[in-house]
Amino acid sequence: MTRKRHLRLVTTASALCLFAPLTACATVPTGGPVVKGAGGDDGAGHGGTYVQLLAAGPQDGVGENGLIRGFLRDMGSFDEDYRAARSYMTPQRHDAWQPNGTVWVYEGLDSVVLETTTANDGQSANVRMRTRRVATIEATGQYMPASPEEFIDVTFELAKVEGEWRISELPDELLLSRRDIDRVYRPLNLYFFNRDRSSLVPDPIFLPVQPASDLPAQLSRTLSQMLVDGPTPWLSSAVRSAFPEDTRAEVEFDSGRVTVQLSNEAAATGSDGRVDMAAQLIWTLKQIPEIQELVLRIGDEEVLMPDTGADVLRAGSEVWNSVNPSGVNGDLHAYFMRDGQLWSLDDEQQEEPIPGALGQGALPLERHAIALAEDKVAGVTGQGKVVVSDISAGSTYATVLGQGEYSALSWDGYGNLWVVEDLSEDSEEEGEEPQSAADADDNTDRDASAQPSPDTAENTERSRVWLLRDGIDPVQVAAPHLESTRVTELRASRDGVRVAAITTEDEESRLLVGRVVHSEGTVAAQQFLPLATDLTGVFDLSWRGADQLAVLGSKEIDSVKAYLVSLDGSTESTSASATPGTDMKSIAAAPGEPMLSGVENDHVWLTNDRVTWQRMTDGTNPIYPG
């Protein structure tokens, strides 16, 4: 689905104020430059109150190991260009050390093992530090979770200075504990466009903050320049930026007004491009509560968007909402199965069977997915076929993939249907040989391009991912990370840029997110990153927003409940509680909509506050479009 935008932009000598209200947006990670924070109540507006570390500095007479442990503790203080950390260094290294912008994250000082080798003359020493790496925050600000096999293994060189041990050589990376990250860094988003520029996509970053009175000015400068510089490497091949390459931004903040002046590289962009640049800036900068107005200049010209009929454009206007990061405009219906029929449920909880062949129960479905435009439904039949039908009176259905074992269905924002085929040994033993769609029975003619589900008799893959353009034309998705494991669930984001998946290996489940790259007729799902590593089991998922998933999961011996999972990769999963007295079997979520769950006794439950669940209706497997 592509949303149409009717936006035009001209340059004029008149000022433009783009009004951004004081509401915060979704959050994500970035590292790199240090931004000083206001602390106290002011700091809370940027993701939580800043807690300043009172650095102790090196103690007189401390030994080699004690010096390094003190250094690691005080490295979490960024005040005055790491003044506390530099106090542990020799005079030469104190002046020369320049962190390279990368942060290695470890669990805590208790997890650090130090091995010391001291020279015979007692004037120099080497201290080797080893601990498991939790994550890396890249210089671009992206938080990259580490695999369990990754370790931090570095050596500090020490020398005596006036009888006291000091560090003479050390890594250029910052070494910070998870607690330091939680205390100092703030998750934020940069916003870029999806492939057809119909929706903005959050690019999570982490920014470190310090106490300062000019936090809004520093944040606005840093975020604006990072936005102009482009997306993080992980997302770059999947999104688009309206800012031309090599564009520079000069930013001024004064009493709630931000003025962003772009260099002449941006002057060649047309009307649509300038609207898109403004949209990226608005959605990125509105995360700073103190910003009330944005003035955009390109070279010496100020930019005016006259279509609104006013010089002041509000962030809630159609200009910005038409590309809002949720991927949704307007309310969505919920859908569920009851007695073999597919029903819809509106925001007033009015129920009715959907029109068309798949809504009338003539062909019972084991799985179903509704297109984001709510004009098509896809399903897996009891015979293991994937069928698609229009949601309209008198519509028929078409078989688009022949007989096989299909474990997941999902529609993206481009109107493409994603299907996961289970090729694992278990499914092959239980099911029959996959069948051509041309050999399958249904009640309508099929498109000649509909391809058969492949014969897997000699195939070592465990999963295969299909993308059906417009729900009709199958293309195999290059997803090497998923092919070697069993994929039990997969959901495409409503912007079409990412997919989230649950994989199962040796009875252990993992939640992953990967980027989607379209190139010359091919589609790839790449660079999968782990999420919700604090959960011991993950069983179902749904996209609640552009940067948040709702999942069913468990922690250690806890029962299954709903959790909210941020895409920044660092935040612990947040409990959304469980339905009382009955086991949850599925989860459904969408931007601005209540969460739904299908439970074991064929009821659908609902929560608006993530605390109290209430029974809503009879049925199974509730979903939202997507």
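The values are calculated or read from the model by the stated rules, or taken from the named source; none is laboratory data. Only a predicted model underlies this, so the values are computations on that prediction, with no experimental measurement involved. Cβ sites come from the backbone with ideal geometry, for glycine too, and all protein chains shown count toward neighbours. Side chains are part of the model used for accessible areas, which takes the heavy atoms of the whole protein and leaves out ligands, DNA and RNA. Shrake-Rupley method; radii C 1.70, N 1.55, O 1.52, S 1.80 Å.
In a residue-by-residue description of region 554-561, the property of being closer than 21 Å to D412 by Cα and either open to solvent by 20 Å² or more (accessible area, probe 1.4 Å) or in contact (Cβ under 8 Å) with a residue 40 or more places away in the chain (or both) applies to no position.
Of all the criteria given as (1) within 17 Å of P625 (Cβ to Cβ); (2) open to solvent by 20 Å² or more (accessible area, probe 1.4 Å); (3) not in a loop (DSSP other than H, G, I, E, B), the one not satisfied by S392 is (3). Close contacts from region 361-381, counting a first residue that is on the phi > 0 side of the Ramachandran plot and a second that is surrounded by 15 or more Cβ atoms within 10 Å (Cβ to Cβ) and in a strand (DSSP E or B), with Cβ to Cβ under 7 Å and a gap of 6+ residues or different chains, come to G361/Q341.
Let's see how each residue does on (1) closer than 28 Å to N329 by Cβ; (2) open to solvent by 30 Å² or more (accessible area, probe 1.4 Å); (3) touching a Pro at 6+ places or on another chain (Cβ under 8 Å):
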residue: P204; (1), (2), (3): yes, no, yes
residue: L207; (1), (2), (3): no, no, yes
residue: Q210; (1), (2), (3): no, no, no
residue: A217; (1), (2), (3): no, no, no
residue: T222; (1), (2), (3): no, no, yes
residue: Q225; (1), (2), (3): no, yes, no
residue: V228; (1), (2), (3): yes, no, no
residue: P231; (1), (2), (3): yes, yes, no
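Yes or no: R469 open to solvent by 60 Å² or more (accessible area, probe 1.4 Å) and either of a type outside the set (A, V, I, L, M) or under 22 Å from the mean Cα position of the chain (by Cα) (or both)? It is true that R469 is open to solvent by 60 Å² or more (accessible area, probe 1.4 Å) and either of a type outside the set (A, V, I, L, M) or under 22 Å from the mean Cα position of the chain (by Cα) (or both). Residues considered: L535, L552. Of these, the only one that is hydrophobic (A, V, I, L, M, F, W, C) and assigned to a strand (DSSP E or B) is L552. Taken together, the criteria place S597 among residues that are in contact with a strand residue (DSSP E or B) (Cβ under 8 Å, 6 or more places away or on another chain), in a strand (DSSP E or B) and not aliphatic (A, V, I, L, M). Scanning region 234-284 for residues that are polar (S, T, N, Q) and touching a strand residue (DSSP E or B) at 6+ places or on another chain (Cβ under 6 Å) yields S237, S241, T247, T259, Q261, Q280, T284. Check whether at least one residue in region 80-99 is part of a loop (DSSP other than H, G, I, E, B), open to solvent by 20 Å² or more (accessible area, probe 1.4 Å), touching a residue at least 24 places away in the same chain (Cβ under 8 Å) and within 30 Å of S236 (Cβ to Cβ), and report yes or no. The answer is yes, given that some residue of region 80-99 is part of a loop (DSSP other than H, G, I, E, B), open to solvent by 20 Å² or more (accessible area, probe 1.4 Å), touching a residue at least 24 places away in the same chain (Cβ under 8 Å) and within 30 Å of S236 (Cβ to Cβ). Of all residues in region 257-302, those satisfying the criterion of being aliphatic (A, V, I, L, M), closer than 14 Å to Q225 by Cα and assigned to a strand (DSSP E or B) are V258, V260, L262, L296. Only one entry of Q92, Q52 meets the criterion of being modelled with pLDDT of 90 or more and more than 19 Å from P289 (Cβ to Cβ), and that entry is Q92. Being basic (K, R), out of contact with any Phe, Trp or Tyr (no Cβ under 7 Å at 6 or more places or on another chain) and open to solvent by 30 Å² or more (accessible area, probe 1.4 Å) is the requirement here; does R248 meet it? The answer is yes for R248.
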